[in-house]
Each structure stands twice: as structure tokens, then as C-alpha cells.
Amino acid sequence: MLTTIAPVTPVPDAPPLRHWRLVRDLDDIVWLTIDREGESVNTLGEALIAELDTVCGLLEAAPPAALILISGKPGGFIAGADIREFSGFTRSADVSEKIRQGHAVFARFEQLPFSKVAAVDGFCLGGGLELALCCDWIVATDKPETRIGLPEVQLGIFPGLGGTVRVTERLGGLAGMELMLSARMLRARAAKSMGLIDALAGEQPDLRWAARKAALQGRKRARSGLPARLSNLAPARRVLAGVMAKKARAKARPEHYPAPYALIDLWRDHRGDRAAMFEHEARAVGELMVSPAAGGLRRVFHLMERLKEGAKGIDFPVRRVHVVGAGVMGGDIAAWCVLQGLEVTLQDRAESYIEAARERALKLFRRRLKKKPAVDAAMARLRSDVAGEGVSRADVVIEAIIEDLSAKQTLLSELEPKLRPAAVLATNTSALPLESLATALREPQRLIGLHFFNPVAKMPLLEVVRGEQSAAQYVDAGLAFAGAINRFGLPVKSSPGFLVNRVLAPYLMEAMRCLSEGLDKVQIDAAAVQFGMPMGPVELADTVGLDVCVKVAETLAGDQDLSAQKALLDELIINGNLGRKSGQGFYRWKDGKALKDKPANTDAAALEGLAERLLQPFLAECEACLADGVVSDADLLDAGIIFGTGFAPFRGGPMHYLSTRRSSGEV
């Protein structure tokens, strides 16, 4: 039986609590429940932390035997800080002062003179984990929905509520820093294995009993092992910091993403002094929070959340998918759907084509799922279907054959009579207008586009294309399907190239023009990477496939003269050099990587000028797409281009980038 803490407390005139509940049971255990008012998810904001300070005062005045920290939100602990509050700061000193206040509250909670247990169910991220680390013992539900980590570097900052101190104390410097730098979100079992949490439990009732038992026993985590403690000593920090910085440079340039490097410096310079590390954490996070990079990455986060919202609330359950075309795209679409738990039938002209796709899928499953039973189960869900028997049972049918209007029309007309009444019929065309494809159908309103990007397993965007004839219910179903397979569904209007390919085409053709003028391909790519693109346009053309580039360019050329670019591409294609998929294009490819020399000219100003030339048609096409209504607004355009092309995330998207430059008078 639980009884509420008496309303008359030792702290006079204590204000009512809006975000926390306290109950004391017959064993004198206080159950402290975080339940943020008016929100479906717990996040840590200024008001909530201030109330925690009040809670600490109540508990200091009337100490219980133990305390259990638990969430009042079903299936979620604390998802991190309230990112909405971040944008209200413009001065680093103000941010740092707020962080110091948070440090004081968390330290007060940490120092409460009784056993404290965190009972975690669902997401325990960022500030949520930082608060849990203030407890003596952490127990978490062992289920897929429970994820634990410190992903702040993805927002251009790093943990700022003492996480840098407490996680490196708990795990040691090497493991703690790797957790923060990688932004990994661990499943509970993995977190237990590395020592981030202390115990596992089943569903909620088991979690409560496990937390209660630990509280009654006064459980405390064991001191970290000697190797972990040694990794925090100054000699080790100096060596390991250099290794960490080198690894970080392989993934992110310090001028674009300063947070990882600031975190490494903080740990290297101040881990030996706990108080100094707290203070310098506050200073460094304050500076990072108001930086342009952090502002751009926060914008990316909000754009991502908007795309996720598009798939919510649509009643279209998906269990079975049928894919026609077992080539690189079709086979990889099928494999990705299987990886997300769906049953997939894969159709092509002959079993040999499907077997090649299944072999690629097996490699993906082994890499992602690792354990043989899970890999075997996935392979069992990917069925060869030369006869196309799976069409009549599928919720979603995707055509992914060659980019030829007549061939696609013929196939779609053959598929249509076999469809279930509510099934979605989709094409993966990269450029052909849906209105033209739909002329072959008796019910053209059923056809939508589901345009995936290569490589399917890595590219998070899925363009959900609506033609003039597409019915809203099928477009909505396409968005629901995107959410079901863990992809960001972007609603776009059917027009040549849709959004991403239309924007990429002039960018790639400008790179081809540079090549035809004799510029070095490595230099071209280096200029784009210096700007912040994940890879240069020449490497991107190889990745997409040079044959695909030609097809898209021909579709979108309009009245442009692309003869020089086409001649350059045709010469390679004729010799079978299609890019990454053939092992040779502009670059030679080995193990999925382009083999490159260093650029001859690394002068930053020269590369900046070249990047401006490459990006000019890219940005102009973004503006044209917005004017033509390919997407409904600038935010969706930014989201589509960031997640579809990898456009420099720290710049917040092309339209945001242009707006920022114009407001500062740069253009």
C-alpha cells in the first residue's frame, strides 16, 4: 500500500509540484515519479529542474529509507533535455549560468543521504541518463524500446548536466568518451554489459519489484575496474585524446562540428579535477550552445521530428510487401523491409536474379543482426517469388524495374488486377512523371511514388510522390509505410526528378562540366567536402551509378546543352564503368570505398571558390523547386535535401543557409 507524503512538510510554504509526484510506501521508500505536465514525453526543462530542487529540500527535511526514481509516462523514462528551450539563449554566459544551476540541483540530488535507485523503462537519453547517473543503482527493462545513451553531439553540444564527469567515472575515460563521441543509443542489455546500468528487469511490474528490492538492500554500483580508472589518469588521457581526435577528424571536420573536439579537450585537460571539470563543462557547453553549428543541428532535429509526425495517426498497418525487380534498388528495398520486421516477396524474371539479391541481403542481415537465429529468421521472411504470387497478399506493392516508361506501364497494368482492395501500388521511379505511368491503369488514383535512395540501408529519406491523379488515402498510406520501415517520408509533387534528383542533377552536371574543363576530380570533391557535404559530386555520381546519372540528366535537361557532360559519362558507360556497383567509374572502388589520391591544391580559399561554383546551381534549383510547389514549404525542402543528399547538416538546410547569408549581406 502506498501513502502520499503528508501535505504538511518540514519545508514551510512549499509550492505545489506540477511535474513530480512523491509517495511513501510502508517500507519508508519514497517513489519519486517524473511526469511532465501537459507533455506525452518527459524532457528536462528549467521549470522541472527547479522543482527537483524543491523536492530535494523536502527529502532532506524528512529523509526516507530509500528513493526510487521512476517515470509516470508509459514506455518512456526521460528523453533528454527540452530542446525547445535551447533556442532562447543568445549569450554563452547565460547558458553556462543555467548549467551551473543544473549542476547544483543534480549534485544536491546525488548527495541525498539514502539509497537512490533509477528505474528505467523506455528512452533514457541525454539529461535523463545524467540524472540517473546521480543514483546509486540503475535498473532498466530489457526490451527493444529501452534505449540508453548520451547523444548530445548530434545537436552540436555535449552532455552538460554533469554527464561528462559521471559517465567517465562510471565507465572509465575510454569507454565513457566513446559513448559520448559516438552518440550511440544502447539497448539495455548492451548498457548492462558495459557497466552503464547495473541490472535488467522485465516489463513494468518486474521493474518496480527489482527497483524496490535494490532500494531495500541499499545496492550501490561497484567501483570501476583498474583499467577503467587508469584510462582517466593524465598520461593515458594525453595519449587517448590524440587517438580520439584523429578518429573524429575521419568523420567530422572541427570547423564544421566543434563539439567532439571540445569534449576531448575538456576530458584531457580537466578530468583530474572533478570540480574543474564541472565548471569547464558549463563554460564549453555554453559556448557551443550559441554557435551556428549547434543552431543548424537543432534545426535538423526539429525537421526530423516534423517528418516523423507525418507518419503518425494514419491507420494503415503494414505486414507484407511485394517488390518487383531484384536489381540493386529492388533487392535492397526488399532487404531493408525485411530488416524492419516485414514479410517480403521478391519477384524477377528468373530465380538467378533473386538469388543474387538474397546474397546481398544475407550480408546486410549478418552485419546488422549478427546472431544466427535472427539472421535465419530474416532470410525466412525474404521469399523468392518468380510467379508473383505475393502480389495478392501484399499491403504494399513496389515496382523497381528499369527506368523505362513503356516497361513500367506494362508491368503496372499487369499488377493492378491482382491487388488487394486497400493495397498501395507504388513505383520507385527516380524521374518519370506518375501521370504518364498511371495512364496504363484502370484506377490511376491508386498509384503513388515511393522513391528510395541508394544505398537503401543508409539513406534515411523516402520521397512519397503524389501525382495529379493520386488519391489522398494512398499518399497517406505511403507516409505510414515510410514510418513502418524507419524512414522519413517526404511528401512531394510528381514533377521531373521530384525534389532530390531535380536538385542533384544540376549539381552533378556542374561537376561534370568542371571535369570536362580539365579540373581534377579529387579537387572537385575536396571543395564540396570542405563546404560540408558528406562526399563530393564526382564520388556521388559513382555512388548513384553513372548510367542512372545519364538517365536523370536526359529527363531533366530541358533546353540545356549537356553534350560535354554526356560525352564524358558515355565514354565510361560504354566500357562498363558504371561507378561503385561495377567497381570502376571516375574512381576505382574497393570494399565499397572510392580509392583517391590527395588533392593537388588544398588552399582553403581556392576550394571555397570552387565549392561556391558547384553549389550555385544546386541552390538555385532548390529555390525553383519551392516556387514550383514540389514541396509545400521551405522547411520540408530543407528536410528533404538534408536527409536525401546529406547537405551540410550544420548549415540547417539550403533555404536556411540562403536566408542566413542574405540576412548577413553575403549574397
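Derivation of every value follows stated rules applied to the coordinates shown; laboratory data play no part. None of these values were measured; they are calculated from a predicted model. Counting neighbours? That spans all protein chains shown, and the Cβs are built from the backbone with ideal geometry, glycine included.
Data table
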item: Among the listed pairs K247/K593; K116/K213; K116/K192; K246/K363; K247/K363, those beyond 22 Å (Cα-Cα); result: K246/K363; K247/K363
item: Among V550, G583, A611 - extreme Cα towards positive end, dipole of region 501-629, charges at beta-carbon; result: G583
item: For the chain, size of Cβ-based charge dipole, Lys and Arg +1, Asp and Glu -1, in debye; result: 2520
item: Size of electric dipole in region 2-290: Cβ of Lys, Arg +1 and of Asp, Glu -1, about Cα centre, debye, nearest 20; result: 1280
item: Whole-Å semi-axes of the ellipsoid equivalent to region 501-629 (Cα gyration tensor, √5λ, descending); result: 21, 20, 13
item: Angle in degrees between helix 546-556 and the longest Cα principal axis of the chain, rounded to the nearest 10; result: 80
item: Dipole magnitude (debye, nearest 20) for region 226-276, charges at Cβ of Lys, Arg, Asp, Glu; result: 220
item: Counted charge near K192, where neighbours are those whose Cβ lies closer than 10 Å (Asp, Glu -1; Lys, Arg +1); result: 0
item: Principal-axis tilt of helix 563-574 within the chain, Cα atoms, nearest 10 degrees; result: 90
item: Packing rank of 184-196, 302-314, where each peptide gets the mean count of other beta carbons within 10 Å, highest leading; result: 184-196, 302-314
item: HN-Hα J in Hz across region 616-626 - Karplus 6.51, -1.76, 1.60, θ = phi - 60°, x for Gly and Pro; result: 4, x, 4, 5, 5, 5, 4, 5, 5, 4, 5
item: Whole-number D in µm² s⁻¹ for region 104-174, Kirkwood Cα-pair radius fed into Stokes-Einstein, 25 °C, 0.890 mPa s; result: 191
item: Among S392, V167, W209 the positive-end extreme of the charge dipole of the chain (Cβ point charges); result: W209
item: ³J(HN,Hα), Karplus 6.51/-1.76/1.60, whole Hz, each residue of region 308-319, x for Gly, Pro; result: 4, 4, x, 9, 7, x, 9, 8, 8, x, 10, 10
item: Charge sum, other residues only, whose C-beta stays under 13 Å from R513's C-beta, Lys/Arg counted +1 and Asp/Glu -1; result: 0
item: Whole-angstrom Cα spans of region 580-667 along principal axes, big to small; result: 41, 31, 20
item: Using distinct alpha-carbon pairs, which all enter the 1/r mean, Kirkwood radius of region 320-497 in Å; result: 15.9
item: Cα centroid of region 563-634 to Cα centroid of region 367-400, whole Å; result: 34
item: Helix-derived mean residue ellipticity, 222 nm - over the chain, DSSP H n ≥ 4, -39500 (n - 2.57), to 500; result: -15000 deg cm²/dmol
item: Globularity ratio of the chain, using Cα Rg and 2.2 N^0.38 Å; result: 1.05
item: Dimensionless Rg/Rh of region 173-268 - Kirkwood Rh, Rg from C-alpha atoms; result: 1.10
item: Per-peptide average of other Cβ atoms within 10 Å, ordering 37-43, 277-283, 24-30 highest first; result: 277-283, 24-30, 37-43
item: Kirkwood Rh and Cα Rg combined as Rg/Rh, region 2-290; result: 0.96
item: Relative packing of 579-585, 124-130, 541-547, 236-242, which averages over residues the other C-beta atoms within 10 Å, highest first; result: 124-130, 541-547, 579-585, 236-242
item: Cα-based reach from K308 at 21 Å (exclusive), listing lysines while leaving out same-chain residues under 8 positions away; result: K73, K458, K493
item: Distance histogram for region 107-221 (every C-alpha pair counted, 10 angstrom bins, percent rounded to whole numbers); result: 15, 49, 31, 5, 0
item: Among V456, A422, L441 the positive-end extreme of the charge dipole of region 409-562 (Cβ point charges); result: A422
item: Estimated vicinal HN-Hα couplings, Hz - region 68-78 in sequence order (Karplus 6.51, -1.76, 1.60; Gly, Pro = x); result: 10, 8, 9, 9, x, 8, x, x, x, 8, 9
